[in-house]
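The structure appears right after this line, and notes come after that.
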Amino acid sequence: TWDAIRNFTGGTAIFTQPGTPIKCGGAPQKIMYLADDAFRKQGVRDRAEIKFCTAAPSIFTVKKYADGLMKVIDRKGIEPLWTHNLVAIDPDNKVATFQHDGQDVAIPYDLLHVTPPMSAPDVLKASGLGNEGGWVNVDKHTTQHLNHPNVFSLGDCSSLPTSKTGAAIRAQAPVTAANVMHHLHGESLSASYDGYTSCPLVTGYGSLILAEFDYDLAPKETFPFDQGKERWSMYMMKKHLLPPMYWH
């Protein structure tokens, strides 16, 4: 990806986001904002047209953070194309085809960054434990399976209706651990997960919007300031504090 970005000399750069759950809901945007900054550093931004083609109807599900991200889109001169779902690529002719309002829309490109559609693993789909999408079918608060009480699931494989992020799993793990112990001891499942997740949205070199929210799409923020704004401090936290916190 970096080779493609640093060798870009101008033209149309397309960044896509599919209509399926993906590993990090903010990743398709983050790389686009960083690429915009890279194009500016390389002196080719005035020869570039950046398009964000997303299957979603908006930039983000939580209005507070969507408002902040739209300011980034406007400032950087990026063209968002809502409800445009990538369905085909012609690499020989450099044309990407999107489905929009039931119609195929062909857009030529010079650089194409694809976030592929994702799904539950086949082993889960065939296990009998999954819902219609193949994800392990659990209660969204207790993480216990809806049909098999001795089965619990959290993280990427679960049907929990929230972003599949490390921050979400960090909040789910204590709930699952507590409820497994309650179940083993024949007790009621008292631990409850409220859907908390976090998306550290890098908006460029040195700036980040730290989105934190719950199942109700209500902000559930850690710090005593407005996290809907771009901040250097949050970028530094993402770059220097979160990796060692995760690994160690």
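The values are calculated or read from the model by the stated rules, or taken from the named source; none is laboratory data. For clarity, every value in this text was computed on a predicted model and none was experimentally measured. Because the Cβ atoms are built from the backbone with ideal geometry, glycine has one as well, and the counts that use them run over all protein chains shown. Surface areas here come from the heavy atoms of the whole protein model, side chains and all, with no ligands, DNA or RNA. Shrake-Rupley method; radii C 1.70, N 1.55, O 1.52, S 1.80 Å.
Against the conditions (1) more than 17 Å from the chain's Cα centre (by Cα); (2) under 24 Å from T176 (Cβ atoms); (3) of a type in the set (D, E, K, R), E212 satisfies every one except (1). Per the conditions (1) open to solvent by 40 Å² or more (accessible area, probe 1.4 Å); (2) touching a strand residue (DSSP E or B) at 6+ places or on another chain (Cβ under 6 Å); (3) under 18 Å from K23 (Cβ atoms), the sole criterion not satisfied by I169 is (2). Against the conditions (1) touching a residue at least 60 places away in the same chain (Cβ under 8 Å); (2) open to solvent by less than 50 Å² (accessible area, probe 1.4 Å), D156 satisfies every one except (2). If we scan region 174-197, do we find a residue that is in contact (Cβ under 8 Å) with a residue 24 or more places away in the chain, among the aromatic types (F, W, Y) and open to solvent by 40 Å² or more (accessible area, probe 1.4 Å)? Scanning region 174-197 turns up no residue that is in contact (Cβ under 8 Å) with a residue 24 or more places away in the chain, among the aromatic types (F, W, Y) and open to solvent by 40 Å² or more (accessible area, probe 1.4 Å). Scanning region 101-136 for residues that are under 24 Å from the mean Cα position of the chain (by Cα), among the small types (G, A, S) and surrounded by fewer than 19 Cβ atoms within 10 Å (Cβ to Cβ) gives S119, G133. Considered as a group, the residues in region 198-239 that are out of contact with any Pro (no Cβ under 8 Å at 6 or more places or on another chain) and of a type in the set (K, R) include one that is surrounded by the fewest Cβ atoms within 10 Å (Cβ to Cβ), and that residue is K239. Among the residues in region 1-16, are any closer than 23 Å to P200 by Cβ, surrounded by 13 or more Cβ atoms within 10 Å (Cβ to Cβ) and of a type outside the set (A, V, I, L, M)? Among the residues of region 1-16, at least one is closer than 23 Å to P200 by Cβ, surrounded by 13 or more Cβ atoms within 10 Å (Cβ to Cβ) and of a type outside the set (A, V, I, L, M), which makes the answer yes.
The number of residues in region 180-214 being charged (D, E, K, R) and within 30 Å of A38 (Cβ to Cβ) comes to 1.
Yes or no, residue by residue, for (1) surrounded by 15 or more Cβ atoms within 10 Å (Cβ to Cβ); (2) in a strand (DSSP E or B):
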residue: G19; (1), (2): no, no
residue: I31; (1), (2): yes, no
residue: F39; (1), (2): yes, no
residue: G43; (1), (2): no, no
residue: K51; (1), (2): yes, yes
residue: L69; (1), (2): yes, no
residue: P80; (1), (2): yes, yes
residue: A88; (1), (2): no, yes
